[in-house]
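Some notes on the structure that comes next.
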Amino acid sequence: MGKVMAVCISEKKGTQKYNVHQADFIEDWGLSGDAHAGKWHRQVSLLSWEKIEEFRRRGADVALGAFGENIVVSGYDFKALPVGTRFACNGVELELTQIGKECHNGCEIFKKMGDCIMPREGVFCKVLRGGTIHEGDEFVIAQ
């Protein structure tokens, strides 16, 4: 079982996401107000709280949302789960559609640290059923 540690959005692509503590998730779209929402397979991005903390221990001063993640969850190593895994949180249902991504060259985190965890640790989901997710909510694997 996992716990939501942050819910993050950015209104414009190319800008860092920031923690809004709760957001409405729209079926087959993504987070309300997030620039990366849309009719595609990467509507919501997830990143493990533990992976962010591990990166911080290496000297990175990164805020939640800095990697472009929408939801930070403790309790899971997302990259170890198969595509097709479903998650449930406060009535919202998500389906894992992609593990990792190709990093665009020269992100600020990579420039400072020589590394970025999102390309290998982050995962992406589609919203199967909408609702609201709050910081502190229980986040579980549904199947």
*For the chain, the longest stretch holding no GluC sites (Glu not before Pro) located in a DSSP loop with at most 14 other Cβ atoms within 10 Å is which?*
28-101
*Counting other C-beta atoms within 10 Å, which of Trp40, Trp49 has the fewest, and how do the rest follow?*
Trp40, Trp49
*Please label the shape of region 32-101 as rounded, prolate or oblate, based on the square roots a ≥ b ≥ c of the eigenvalues of the alpha-carbon gyration tensor (a/c under 1.5 means rounded; beyond that, a/b larger than b/c means prolate, else oblate).*
prolate
*Of Leu128, Leu46, how do they rank once you tally other Cβ atoms within 10 Å and put the fewest first?*
Leu128, Leu46
*Which of the aspartates and glutamates could be linked to Lys39 by a straight reach, that is with a Cα gap under 12 Å, when you skip same-chain ones fewer than 8 residues away?*
Glu27, Asp28
*Please give the length that would be gained between Asn90 and Arg58 if that part of the chain were fully extended, namely 0.36 nm times their separation in residues minus their C-alpha to C-alpha distance (nm, one decimal).*
8.2 nm
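Taken together, the values in this text are just the output of simple stated rules run on the coordinates, not laboratory data. Treat the numbers as computed from the prediction; the structure is a model and nothing was measured. Using ideal geometry, Cβ is built from the backbone for each residue, glycine included, and neighbour counts are taken over all protein chains shown.
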